[in-house]
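Colleague: There's a structure below that I have some questions on.
Readers should treat all values here as calculations from the given coordinates under stated rules, not as data from a laboratory. This is a predicted model, so every value here is computed, not measured. Every residue, glycine as well, gets a Cβ built from its backbone with ideal geometry; the counts of neighbours run over all protein chains shown.
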Amino acid sequence: MADASHPWSFPVLVSQLPEAGLHQVLETTPAQRGLLAAAAGVTAVLQAEASLEVTPEAGGRVHVAGTVRARVEQTCVVSLDPVENDVEELIDVTFAPPDQISAMPKSVQKEQGDDAEIPDLPEPIVNGAIDLGKLATEFLVLGIDPYPRKAGAAFAAPETPPDPDEHPFAALRALKEAPGGSKGKKPKGK
């Protein structure tokens with residue numbers, strides 16, 4: 001069931017994965033796309049799907065690889081017009097039981113020394129399951145352009161008037177320089 005905290009949820013139980021792995025294609029419903037748009041901060045998610053290979057590995061680990069694709073509607077940062085953008089992100093993540101994750105950095109340091117580069121840690125398998133929809137959502141959001149521009153839209157800086165008397169603060173300077181203005185006056189000290 002989709003909700004605001006998990007707009008696109010598709011849990012897979014690790015214990016039920018076939019030995020050869022699982023190919024899973026996830027498509028969104030209109031309700032899920034509405035929740036995804038709110039979660040991603042875009043005007044609309046017009047289409048979203050993920051194609052994933054879920055492969056069990058030794059030691060209770062699971063490798064998930066594939067692609068998430070979407071078409072989103074955003075607001076152009078220059079013209080404020082609606083603009084549609086395609087998102088395509090590769091997914092390549094390893095999951096492991098939580099007890100294995102905390103021991104990994106220590107074992108790498110023990111084997112290779114304190115200066116060893118610690119590889120990316122696997123994601124935890126939560127309650128014996130991996131939520132493929134949540135994973136696809138995370139990569140979808142990462143792939144969205146934070147500064148979308150409509151084709152041909154360009155920012156034009158406001159022109160500065162060449163005449164100093166046309167400057168927005170010219171009127172203040174005129175008051176300051178007028179007879180009885182504050183030019184040349186020093187505040188009285190006590």
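Colleague: Treat the count of other C-beta atoms within 10 Å as a stand-in for reagent exposure and order His23, His63 from fewest to most.
Modeller: Details: His23 11, His63 15.
The most exposed by this proxy come first: His23, His63.
Colleague: Which one of Val78, Ala58, Leu35 has its Cα pushed farthest toward the positive end of the charge dipole of the range 11-143, where Lys and Arg give +1 and Asp and Glu give -1 at the Cβ?
Modeller: Leu35
Colleague: Still on this structure: Average the reciprocal distances over every distinct pair of alpha-carbons in the range 11-143, invert the result, and give the Kirkwood radius in Å.
Modeller: For the range 11-143, the Kirkwood estimate is 16.6 Å.
Colleague: While we're looking at this one, here's another question. For Ala129 and Arg61, compute 0.36 nm times the residue count separating them, minus their Cα-Cα distance, and round to one decimal in nm.
Modeller: Length gained, Ala129 through Arg61: 23.3 nm.
Colleague: Still on this structure: Out of residues 5 or more away from Val78 or on other chains, whose amide H comes under 5 Å of its own, with H placed 1.01 Å from N in the peptide plane?
Modeller: For Val78, the qualifying residues are Lys150.
Colleague: Something else: If each residue's Cβ is checked for other Cβ atoms within 10 Å, how do Leu46, Leu26 rank with the fewest at the top?
Modeller: Ordered from fewest to most neighbouring Cβ atoms within 10 Å, Leu46, Leu26 come out as Leu46, Leu26.
Colleague: Can you list the residues, at least 5 places off or on another chain, whose amide H is less than 5 Å from the amide H of Glu123, using H built in the peptide plane?
Modeller: Residues meeting the amide H criterion: Thr94, Phe95, Ala96.
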